[in-house]
1. List pairs: first residue in the range 96-123 and modelled with pLDDT under 85, second residue part of a helix (DSSP H, G or I) and surrounded by 14 or more Cβ atoms within 10 Å (Cβ to Cβ) anywhere in the structure, Cβ distance under 6 angstrom, at least six positions apart or on different chains.
2. Taking the residues in the range 45-57 that are free of Cβ contacts under 8 Å to residues at least 40 places away in the same chain and of a type outside the set (Gly, Ala, Ser) as candidates, determine which candidate is farthest from PHE216 (Cα to Cα).
3. Give me a count of the residues in the range 30-50 that are in contact with a helix residue (DSSP H, G or I) (Cβ under 6 Å, 6 or more places away or on another chain) and either of a type in the set (Gly, Ala, Ser) or under 15 Å from PRO130 (Cα atoms) (or both).
4. Based on this model, can you work out whether VAL43 counts as hydrophobic (A, V, I, L, M, F, W, C), in a helix (DSSP H, G or I), modelled with pLDDT of 85 or more and under 23 Å from LEU164 (Cα atoms)?
5. Among the residues of the range 205-223, what is the count of those that are surrounded by fewer than 18 Cβ atoms within 10 Å (Cβ to Cβ) and either closer than 25 Å to PHE179 by Cα or without any contact (Cβ under 8 Å) to a residue 12 or more places away in the chain (or both)?
6. Checking the conditions here, which among LEU189, LEU206, LEU168 is hydrophobic (A, V, I, L, M, F, W, C), on the phi < 0 side of the Ramachandran plot and touching a strand residue (DSSP E or B) at 6+ places or on another chain (Cβ under 9 Å)?
7. Under the condition of being surrounded by 12 or more Cβ atoms within 10 Å (Cβ to Cβ) and under 16 Å from the mean Cα position of the chain (by Cα), which residue from the range 175-203 is modelled with the highest pLDDT?
8. Between a first residue in the range 32-44 that is closer than 15 Å to CYS136 by Cβ and a second residue that is modelled with pLDDT of 95 or more and not in a helix (DSSP H, G or I), which pairs have beta carbons less than 6 Å apart while being 6 or more apart in sequence or on different chains?
Amino acid sequence: MEIRKHIPNTVTSMNLVCGIIGVIFAFNGRIDLAFPMMLLAAVFDFLDGFVARALNAYSSMGKELDSLCDLVSFGVLPSVMLYNLMTQCLFVSEWYCYIPLIITLFSALRLAKFNVDDRQHESFLGLATPSSAMICGSLSYYIAFTPSSVLATWAAGPFFIPILSVVLSALLVCEIPMFSLKGKFKGALGMKLLTLVVLVAIVIALMVFRHMNWSFAVLSAFVLYILSNIVYAIAKV
């Protein structure tokens, strides 16, 4: 086999390496390093498709490898990060802290479903695992750096993180249409992307004005992404 056909899989594998390192950091309570590793994994997750297209080096193995890597970086890692938050809650027992780990289970179901579902070429049905992971990762990072924030207060209680875990798990396997963030700015999809960009820009402006941690922009962007897709689904747009 030509060397060029191995290049996309090598890039994909770097996604997995970042995810594993991120999990180790998360278990050690280093959320400040775990989330950047998740972001780096997302970069490699984006680049592998770009490289495959550029080199015309698609393969069925590459598709399966991508899902396996995503399960670690965007399934296991965000679950462990939320688990770490739960362990800091003084009002729950140890077993209760395991609830966020259901995100790993539903991420696996989501990825398996995506691989066999021919309806999800141009858009998604349900929330993509990287989007779910970014919400978990950015929330954990934001709380780590702003422990006096309202979100940190909510996370310190016994209900916020478990409810978030259940909601994200449900979104991963639901049938709600969700547009791809890798789409082109044209037609109806272009308008949806442009609307999201404008909303995120407004949030960033407010965030800068209030001197908030940059991770809040990531969190807000993906929350707005989910809410906008739900609105479009209800309005059947």
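1. Close Cβ pairs satisfying both conditions: ASN115/SER67; GLN120/PHE114.
2. My answer is ASN56.
3. So the answer is 11.
4. On the way: hydrophobic (A, V, I, L, M, F, W, C): yes; in a helix (DSSP H, G or I): yes; modelled with pLDDT of 85 or more: yes; under 23 Å from LEU164 (Cα atoms): no.
No.
5. 8
6. On the way: LEU206 fails: touching a strand residue (DSSP E or B) at 6+ places or on another chain (Cβ under 9 Å); LEU168 fails: touching a strand residue (DSSP E or B) at 6+ places or on another chain (Cβ under 9 Å).
One residue alone meets the criteria, LEU189.
7. Top of the filtered list is MET178.
8. Filtered contacts from the range 32-44: no entries.
The values are calculated or read from the model by the stated rules, or taken from the named source; none is laboratory data. Keep in mind the model is a prediction, meaning the values are calculated, not measured. Counting neighbours? That spans all protein chains shown, and the Cβs are built from the backbone with ideal geometry, glycine included.
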